[in-house]
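Here the structure is laid out as structure tokens; the discussion comes afterwards.
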Amino acid sequence: MQIFGVDIGGSGIKGAPVDLDKGDLAEERYKVLTPHPATPDAVADGVKEVVGHFGWTGPVGITFPGVVTGGSTIRTAANVDKDWIDTDARALLGERLGGLPVTVLNDADAAGVAEMQFGAGKGRKGTVFLLTFGTGIGSALFVDGTLVPNTELGHLELNGHDAEKHASTKAKEDHDLSWEHWAHRVQKYLAHVEMLFSPELFIIGGGVSRKAQKFLPLIEGVKAEIVPAQLQNNAGIVGAAMQAAQTA
């Protein structure tokens, strides 16, 4: 069974048909740059381009980098235009896609659902966090395999600022940090989350998960197991498709 997944990020909008039996992309993903400003209309046009590239005509699952309530209403927009707040994303994106059935969920939640089903979290019980490092920091919390949605723990305060301003991949790039320096920042963030939730497992996702060997061995003093996401930066696309399949 194939369903289309789209992952809206602060820097790119990417998507592909997903093979739900394998938990992997059925075709090579297609990506466009996230427009700036990332207004609802401009982002919707980007989503339309990605879906249209494949000539897709079935259900579409779409992630959003912020809190999504009721599978539709956007409540926060840290890394996209503030006009998204209170937007009915399902209605907007469904209309832009010509009436295709659309499902919308938080981007990190989507990545987490995919990792728990097909990746590093498969079969894991207890408290598990997936954390995506990119333009910001996304979080997905699972308790005995059940998602606690919209945690958005990238906005925990760390050193007087949102943690994602200090420890995201964008922060590494903006401040030209070495892997060692950045790993120390990530370590402080993980230790803070661990103090609050005492998880058994951290799964580190986002594009930087492809380079896990450069920074994970440098993280010390965290009791939880720390592993890279197995689906890497495709996890959001896969999770979005999984969600769409459940509601189709």
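A few comments on the model shown:
- Working from label points 7 Å from Cα in the Cα-to-Cβ sense, the Val148 to Asp45 distance is 4.1 nm.
- Rounded, prolate or oblate (a/c below 1.5 giving rounded, otherwise prolate when a/b exceeds b/c) for the range 1-147 by Cα gyration tensor: oblate
- Selected from Gly236, Gly55, Gly112 as most flexible by GNM, with the chain as the system and alpha-carbon contacts under 10 Å: Gly55
- Of interest is the spacing of the C-alpha centroids, which for the range 161-228 and the range 62-116 amounts to 26 Å.
- Footprinting exposure proxy for Met242, Met195 (fewest neighbouring C-beta atoms within 10 Å first): Met195, Met242
- FRET efficiency for His175 and Leu216, using Cβ-Cβ distance with R0 set to 22 Å, rounded to 0.05: 0.65
- Taking amide H as placed 1.01 Å from N in the peptide plane, the amide H of Ile62 sits under 5 Å from that of Val6, Thr103, Val104, Leu105, each at least 5 places away or on another chain.
- Length gained when the stretch Asp88-His53 is fully extended (0.36 nm per residue, less Cα-Cα span): 10.2 nm
- Rounded to the nearest 20, the size of the Cβ-charge dipole of the chain about its Cα centre is 380 debye, with Lys and Arg at +1 and Asp and Glu at -1.
- HN-Hα J in Hz across the range 131-146 - Karplus 6.51, -1.76, 1.60, θ = phi - 60°, x for Gly and Pro: 10, 9, 10, x, 4, x, 10, x, 9, 9, 10, 10, 10, 6, x, 9
- When DSSP beta bridges are restricted to pairs lying wholly in the chain, around 60% turn out antiparallel.
- As a rough footprinting exposure proxy, the listed residues Ser209, Ser11 were ranked by other beta carbons within 10 Å of their own, and the order from fewest upward is Ser11, Ser209.
- Multiplying the residue separation of Ala248 and Lys125 by 0.36 nm and removing their Cα-Cα distance gives an extension gain of 41.5 nm.
- For the range 2-151, the residue among Leu93, Ala44, Leu25 whose Cα projects farthest onto the positive side of the dipole built from Cβ charges is Leu25.
- Ranking of Ile226, Ile203, Ile13 by count of other Cβ atoms within 10 Å, fewest first: Ile226, Ile13, Ile203
- Cα-centred dipole magnitude for the range 58-197, charges only on beta-carbon of K, R (+1) and D, E (-1), debye, nearest 20: 360
- Under 16 Å from the Cα of Lys22 - lysines, other chains or at least 8 residues apart: Lys122
- Vicinal HN-Hα couplings computed from phi for the range 44-57 (Karplus, 6.51 cos²θ - 1.76 cosθ + 1.60; Hz; Gly/Pro x): 4, 5, x, 4, 4, 5, 5, 5, x, 4, 9, x, 6, 10
- Under the Karplus curve 6.51 cos²θ - 1.76 cosθ + 1.60, θ = phi - 60°, whole-Hz ³J(HN,Hα) for the range 163-173, x wherever Gly or Pro sits: 4, 5, 6, 9, 10, 6, 4, 4, 4, 4, 6
- Beta-bridge orientation, the range 123-229: approximately 55 percent antiparallel, per DSSP, counting only bridges with both partners inside.
- With helices as the sole contributors, the chain gives -9500 deg cm²/dmol at 222 nm; each DSSP H run of n ≥ 4 counts as -39500 (n - 2.57), and the sum is divided by every residue.
- Under a model in which nothing but the beta-carbon of Lys, Arg (+1) and Asp, Glu (-1) is charged, the range 144-229 shows a dipole of about 280 debye around its Cα centre.
Quick note: the coordinates plus some simple rules give every number you see, no bench work behind them. Computed from a predicted structure; not experimentally measured. Please note: Cβ atoms are built from the backbone with ideal geometry, for glycine as well, and neighbour counts cover all protein chains shown.
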